[in-house]
Amino acid sequence: MTCTTGRAWVYGDHLDTDEICPAEILLSTSDPAELARHAMAPIDPEFSTKVQPGDILVAGRNAGCGSSREQAPLALKSAGIAVVIAESFARVFYRNCITIGLPALRCPGIRAKVTNGDTLQVDVQTGRIRHLASGDALQAEALEEPALSIVLDGGLINHLLRKRGSPAAAAHGR
Amino acid sequence: MGGMTATEKILAQASGRSKVVPGEIITADIDAAMLIHVMSDITFPAFEQIATRVWDPSSVVCVVEHCIPAHNVWAAETQRRQREFAKKHGLVLYDVGRSGICHQVMMEKGHALPGTVVVGTDSDSCTYGALGSFATGIGATEMAAVLAEGQLWFRVPPSVQVILRGPLSPGVVGKDAILHVIGQLGLDGALYEGVEFSGSAVEAMSLDSRMTLTNMVEMLGAKNGIIEPDEKTISYLQERTDRPLDIVRSDSDAHWERIIEFDVSKLDPQIAAPHSPTNVMSVREAAGTRIHQAFIGGCTNGRMEDLRTAAEIFRGRKVHPDARLIVIPASQQIYAQAMDEGILRVLLKAGGTICTPSCGPCVGIDKGVLASGEVCISSTNKNYRGRMGHPDSLIYLGSAGTVAASAVNGQITDPREFLQGGA
């Protein structure tokens, strides 16, 4: 099961980690639920109350620039975001998404095709994206190994546990 | 088959290959890892899920530093966990009073060596490339994997050469040059790429200024920044380590994705206006902007060169009555040296306040937080909205000299107004 359908939350270029997860939250709690409550607050105060599980975050160029805080993708994932799609990613944010098992897909041209609130269907494994209202198809760059395995295993820690043959990881299932 | 850049050579060596090419995914052996306390709650529990012993305790450095001494219970708890983990596993630990900003400690204590792969749980870990290492920031959970396995996956970055033709004119430093480069190239000007700096301006630069160049490549989206070691680098390192130095140089026939040249010989002092490090202009263009707080410090510019320039400007001058000056030496070692050189006395008598070596106002948490409507001129590297406190505060980035001169006048000021014959 690598397909997901959800509403798009669309943001611009250079979405930074201070906007996704403000430093004052980062440095006062590590609780995922608390991080989720403050996700995107500096630029979109309604995000945390209106986001639904399975929603999709769409951003422009250099998504997640700023600091290397893993709490940024964690805040999004805890808030319910199932996939992040961007024109391009800042590298540590991209790595952190993969590490926590939040699929991050690079899809040049996505911003022009998607408006805030549109429903998208995304196949994480192949990178195929369908815009449900128009029926348009877009192709994101498919995740390469080991990123794909890490995401499908539910994150780096589960991936390593699976590699090491742990029963705890097997329960997670692909 | 063409040659390789220094970044490619280091990654090839670390992955046991004779050659790597950009785009290729490799698993590299890690030579040194740096952990900050802010990530304790993520890194340590993740590690404990996958392993019981650290791959090489002598290669793992824990620096207690972001907010020290602890200002609240959260900071105290994360620092306690860091200390306990370091002691349990026999890791290298620099605690309060013996630390400083993590990146400065890594370099001045000889943990970041040329030709090696160094990772840290902070985005500015790329600073160590000034000494010729491949250095980059990683996530907190990735660090747990490094602690367990001593390895991590990387995509070999395309290499970009940035040539800075100089030398810089008096009163203009590495900070001005890198702000200019960032202003020209943009926040994704080198996305996922490895940036190597070269050229006569870089050769003439102090190591302190070179560290500012590599520190700020992250603002270009780069994976790492690197500078070929020279005599200055080697003598700096020989004072800090007995280990053999593996000087890695780019081949003359290496493939560069782009070669970008800047003539910085006539560059004026530069400033990045709110709310982006790319919003760059000359200090003169922003001159006269009223400031409330001036901050000299951070991993970008809290080193001796910066403090010496500040002292030169403040000798016989005072902080403007409507402004406040915060100075934070980047490490305990620099703090002590600034004391020995009489710099702290000059800055204190001028009306400045000096805080414990740490990130300070740059993390907007425990020191020098800005109120709404306040304007800060800062020697640090990030001026995103709300970075230092209230979302309606404003941050200008400049060299330590520009910050000091602005503190004297209470408004943004070209440092050359106060510098005799150059910085």
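A short reminder: the numbers here are calculations on the coordinates, not readings from a lab. Note that this is a predicted model, so its numbers are computed, not measured. Neighbour counts are summed over all protein chains in view; Cβ atoms, including those assigned to glycine, are modelled from backbone coordinates with ideal geometry.
Summary of values
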read-out: Residue that is nearest to A:Gly12 (Cα to Cα) [pool: residues in the stretch A:92-121 that are among the hydroxyl-bearing types (Ser, Thr, Tyr) and within 14 Å of chain B (Cβ to nearest Cβ)]; value: A:Tyr94
read-out: Matching residues in the stretch B:48-82 - criterion: being more than 22 Å from B:Met106 (Cβ to Cβ), in contact with a helix residue (DSSP H, G or I) (Cβ under 6 Å, 6 or more places away or on another chain) and in a loop (DSSP other than H, G, I, E, B); value: B:Ala51
read-out: Matching strands (runs of 3 or more DSSP E) fully within the stretch A:1-106 where at least 2 residues are surrounded by fewer than 24 Cβ atoms within 10 Å (Cβ to Cβ); value: A:3-10
read-out: Pairs where the first residue, in the stretch B:58-74, is within 13 Å of chain A (Cβ to nearest Cβ) and the second is part of a strand (DSSP E or B), C-beta under 6 Å, 6+ apart; value: B:His66/B:Ile36
read-out: Residues that are out of contact with any strand residue (DSSP E or B) (no Cβ under 6 Å at 6 or more places or on another chain) and within 14 Å of chain B (Cβ to nearest Cβ), drawn from the stretch A:77-87; value: A:Lys77, A:Ser78, A:Glu87
read-out: Boolean, B:Gly129 is away from chain A (no Cβ under 14 Å), touching a strand residue (DSSP E or B) at 6+ places or on another chain (Cβ under 9 Å) and surrounded by fewer than 24 Cβ atoms within 10 Å (Cβ to Cβ); value: no
read-out: Where B:Asp246 falls short, out of the listed (1) part of a helix (DSSP H, G or I); (2) surrounded by fewer than 17 Cβ atoms within 10 Å (Cβ to Cβ); value: (1)
read-out: Checklist (1) crowded, with 23+ Cβ neighbours inside 10 Å; (2) within 24 Å of B:Ile247 (Cα to Cα); (3) within 14 Å of chain A (Cβ to nearest Cβ) applied to B:Thr43, failing item; value: (2)
read-out: Residues located in the stretch B:378-423, provided they are within 16 Å of B:Gly352 (Cβ to Cβ) and touching a Cys at 6+ places or on another chain (Cβ under 8 Å); value: B:Ser378
read-out: Residue satisfying condition, being touching a strand residue (DSSP E or B) at 6+ places or on another chain (Cβ under 6 Å) and over 18 Å from B:Ala323 (Cα atoms), within set B:Pro391, B:Pro361, B:Pro357; value: B:Pro357
read-out: Candidate set: the stretch B:284-308, residues that are at positive phi and surrounded by 24 or more Cβ atoms within 10 Å (Cβ to Cβ); chosen: the one farthest from the chain's Cα centre (by Cα); value: B:Gly297
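Residue-wise test of (1) in a loop (DSSP other than H, G, I, E, B); (2) not hydroxyl-bearing (Ser, Thr, Tyr).
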| site | (1), (2) |
| --- | --- |
| B:Thr356 | yes, no |
| B:Gly368 | yes, yes |
| B:Arg385 | yes, yes |
| B:Gly401 | no, yes |
| B:Ala404 | no, yes |
| B:Val408 | no, yes |
| B:Arg416 | no, yes |
